[in-house]
1. Checking L163 against (1) in contact with a Ser or Thr (Cβ under 9 Å, 6 or more places away or on another chain); (2) closer than 30 Å to Q225 by Cβ, which single condition isn't satisfied?
2. Please state which of the following conditions R171 fails to meet, knowing it meets all the rest: (1) among the basic types (K, R); (2) in contact with a helix residue (DSSP H, G or I) (Cβ under 6 Å, 6 or more places away or on another chain); (3) over 20 Å from E226 (Cβ atoms).
3. What number of residues within region 96-116 satisfy the criterion of being open to solvent by 50 Å² or more (accessible area, probe 1.4 Å) and within 21 Å of Q60 (Cα to Cα)?
4. Does region 238-251 contain at least one residue that is within 22 Å of the chain's Cα centre (by Cα) and in contact (Cβ under 8 Å) with a residue 24 or more places away in the chain?
5. Please go through region 39-68 and pick out each residue that is β-branched (V, I, T), surrounded by 14 or more Cβ atoms within 10 Å (Cβ to Cβ) and farther than 20 Å from P29 by Cβ.
6. For E86, which of the numbered conditions (1) open to solvent by 30 Å² or more (accessible area, probe 1.4 Å); (2) part of a strand (DSSP E or B) fails to hold?
7. Among the residues of region 74-115, which ones are over 17 Å from V35 (Cβ atoms) and among the polar types (S, T, N, Q)?
8. Quick check on region 16-54: of everything there that is among the hydrophobic types (A, V, I, L, M, F, W, C), without any contact (Cβ under 8 Å) to a residue 60 or more places away in the chain and in contact with a strand residue (DSSP E or B) (Cβ under 7 Å, 6 or more places away or on another chain), which residue is farthest from G92 (Cα to Cα)?
Amino acid sequence: MKFPCIILLALLAAGCKKQANVEFSGNIPGLKAGVFTVKTLGDSTVYGENIKDGKFAIPQKHLGHPGYFKLNVTDDAKNDGHNPFEVYLEDGKYTIEAKADELYKYPKITSTSKIQEQLSMFYTLADNMSAETQLQIVKINKNLTENVNKLSPDAYTALLTKLQENQSKMRDVDATAFKQFLKQYPQSEISAHILSKLDYEGDPVTYYAIYKSLSPAAQSSEDGQEIGDKLSHMIKLVAGKQAPALEGKTPDGKTFDPKIVHKKLIVVDFWKAGNEFSRKNHDQVKSLLAQDGIGKNVEFISVSLDSKSDWWTTALKDDKLTWTQVSDLKGNDSPNAANYNITEIPTYYLLDGQWNIIVPKIPLKTLEFEISQYLKKH
């Protein structure tokens, strides 16, 4: 007889639960006209308001659920190309402050949220340590995007070199800033989440050491478990390590034998017949192989992660792929995918002739540059 009362009390408690609401106000001196937006991580706009003479306000609005969102402040008069900022929203008021000429920096966010306090501490610290480097990356990316057809090969290569140098600096700065953050919040349960937003794949050895210093709660969180699993694989796939063996057969049914490869460099290309992007990229591979220096010195090996033979072989014929092709037809369960930590398609690895890793997960747009740099030195 007591159970109905308990259920009734539970329902009443649920009905009396306070609804989460959020409101915003902002001050950006020097910004005449702009836009303030808050989006979901899936890029759907949740809140937005025009900024006039540096001011904006959004009165109390219902917050569907507390969580991570993307916040941005843009200037109508210019596009500096900066990315949105991660924020954590929960019930309460949020005050946003920024400088009109530094919208690429993490804004000052005042709220009662303890999680947002930690986010602000880390991102502000990282910004202060990397302001110039961050600005350089934004400028170089903008130049590469807007002038890709106008740049000479030498100018394009020079920009890529600068971009890589600055990205490396950013990784170092982020690692240093994150270590300092952990000193202030050693038991932070969101530290793994913050780590998940950093370029840990660019330096897995350093970041794996940092990961192991996280609190047990952070390591056992969903983000923590995912990062730990990735990094434990990735430290075996850094430059200088022996690349994992490739399993599978060639289209004629023969088991792939790495001993048939006798060139200075090897590019391993992971793809799927059903992935349009990876198939389009094969046109660029054809262009690379047509270059005399690359065709003579570089072996391309495309590893299909398809699960059906006819999908694979039909794509080979339709796209006229004439270089070495391999597949074990196990799809996403392929040991090749696990051994090379393939999380997206396409993915490329650059190896030397002895199957040692030179550059893991290299972007196709920088592949030609890395190949030419290696061949100049060897």
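The values are calculated or read from the model by the stated rules, or taken from the named source; none is laboratory data. This is a predicted model, so every value here is computed, not measured. Cβ: placed from backbone, ideal geometry, glycine included. Neighbour counts: every protein chain shown. Keep in mind that these areas ignore ligands, DNA and RNA; they rest on the heavy atoms of the full protein, side chains included. Shrake-Rupley method; radii C 1.70, N 1.55, O 1.52, S 1.80 Å.
1. Status for L163: all satisfied but (2).
2. Every listed condition holds for R171 apart from (3).
3. Total meeting the criteria: 5.
4. We begin by selecting, within region 238-251, every residue within 22 Å of the chain's Cα centre (by Cα); these are 238-239.
Those still in the list that are in contact (Cβ under 8 Å) with a residue 24 or more places away in the chain too: 238-239.
Looking through region 238-251, at least one residue is within 22 Å of the chain's Cα centre (by Cα) and in contact (Cβ under 8 Å) with a residue 24 or more places away in the chain.
5. To start, the set of residues in region 39-68 that are β-branched (V, I, T) comprises 40, 45-46, 51, 58.
Applying the additional criterion that residues be surrounded by 14 or more Cβ atoms within 10 Å (Cβ to Cβ) yields 46, 51, 58.
V46, the sole residue that qualifies.
6. Every condition holds for E86 apart from (1).
7. Within region 74-115, T95, T110, S111, T112, S113 meet the criteria.
8. Per the criteria, the residue is A33.
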